[in-house]
Amino acid sequence: MKIALSVILAVVVGLFLVIEIGLRSLFGFGNPLIYIGDEQIGYLLAPNQRTCRFGNRIEINEYSMRGSPIKKIPAPSGLRILLLGDSIANGGWWTDQTNTISSLMMRSLPLSTNSNYQEVEVLNASANSWGPRNELAYLEKFGNFNAQAVVLLINTDDLFATPPTSLPVGRDRNYPDRKPPLALVEVWQRYIVKQKPIPELQAVQNESGDRVGINLEAIAKIQALTRQSNSKFLLVMTPLLREIGEPGPRDYEIKARQRLSDFTKAQQINYIDFLPSFNSTPNPQGLFHDHIHLNLQGNKFVSEVMERSLLEILGDSSLRH
């Protein structure tokens, strides 16, 4: 009897170890990216992290950017671009480090400029569900790292983004503030246990007033900070998948889009709206990972258009036609 129990125990322990190791090595469970709260920004990816999720490598540097460590001051003859955004810019767990929009641009720009720059950097300051006010607060806290150009990449939903808050950190399963003890624990917490509501978050999400106008004001402040540092500013907006084709954006989105268009003209902001471009592609659905986020093909599409626009804005005479 004791031998039988020992055998069963050994089998159970062995099975547990196989599952734990498999979850870690194959999917990266047990080592999620962790977040930290910030009074102004709301939250940031904790600095100096590395992980691999579902086979995709993710690195966060010392400034909570998705990318390798950087020097605060760029090389004298280098080209540095700062990309601000949410999960679309970040790429999330579904995008390998080499396939983010910033990484694609960093490899392509030296070719487009005929290598006139000693070094080309595209910094990626982004986090899931950031809106213009989060991105403004990041810029106010860290500066633009002496970038020659700042790119703000938003999507249609960001026009209605709520104010920065740290409430989700450590309480929402998507914003953990510590590593789980086991991969199995993470799977249990993320996919099996029901998410506990965060009552205080409801008040933030129910923000009253002209939310579109507040976010446009934040964009104007980002533009002003960029001008103060003698940098160029580019605003880019990607659409939701359901906005493509018929019936197109909803009435309230059409109104917000028109406000944004009028705003960019009044502020003389260089602006790219990707909705017409996506609509004119043969298979726009093939650019999306889900209803809002882009896949590698979408990242390539967006990065190429952004690159051409940036080189024109920067007045780069070596732009290849």
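The values are calculated or read from the model by the stated rules, or taken from the named source; none is laboratory data. This is a predicted model, so every value here is computed, not measured. Cβ coordinates were reconstructed from backbone atoms using ideal geometry, including for glycine residues, and neighbour counts include every protein chain displayed. For accessibility, only protein heavy atoms count, side chains too; no ligands or nucleic acids. Shrake-Rupley method; radii C 1.70, N 1.55, O 1.52, S 1.80 Å.
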Amide hydrogen neighbours beyond the local backbone of Asn56, cut-off 5 Å, H modeled: none
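Using a 1.4 Å probe on the protein chains only, how many percent of the accessible area of the chain belongs to carbon and sulfur?
57
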Solvent-accessible area per residue, Å², over segment 175-314 with all protein chains present [probe radius 1.4 Å]: 56
Highest-first arrangement of 9-16, 89-96, where packing means the average Cβ count within 10 Å: 89-96, 9-16
Rounded to whole Hz, the Karplus (6.51, -1.76, 1.60) HN-Hα couplings of segment 47-53, x for glycine and proline: x, 6, 10, 9, 7, 9, 10
Between segment 132-165 and segment 206-265, the alpha-carbon center distance in angstrom: 12
Under Karplus coefficients 6.51, -1.76 and 1.60, residue-wise ³J(HN,Hα) of segment 190-207 in Hz, glycine/proline x: 7, 10, 10, 6, 5, 5, 6, x, 10, x, 5, 5, 4, 5, 5, 5, 9, 3
Neighbour count of at most 11 Cβ within 10 Å plus DSSP loop: longest trypsin sites (Lys or Arg not before Pro)-free window in the chain: 195-319
Within the chain, longest stretch free of exposed GluC sites (Glu not before Pro) [DSSP loop, at most 15 other beta carbons within 10 Å]: 208-321
Calculated semi-axes √(5λ) of the Cα gyration tensor in Å (choose from [x] 37, 24, 20; [y] 34, 22, 17; [z] 46, 26, 15), label: [x]
Cα long-axis angle, helix 211-228 against the chain (0 to 90 degrees, to the nearest 10): 70
Residues whose placed amide H lies under 5 Å from that of Ile272, excluding near-sequence neighbours: Leu235, Val236, Met237
Amide H contacts of Ile198 (H built 1.01 Å from N, under 5 Å, at least 5 apart or other chain): none
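I need to check one value: relative contact order of segment 197-321, counting alpha carbon pairs closer than 8 Å and at least 6 residues apart, in percent.
Result for segment 197-321 is 24 percent.
Rolling a 1.4 Å sphere over the protein heavy atoms, what is the accessible area per residue of segment 21-152, to the nearest Å²?
For segment 21-152, the solvent-accessible area averages 38 Å² per residue.
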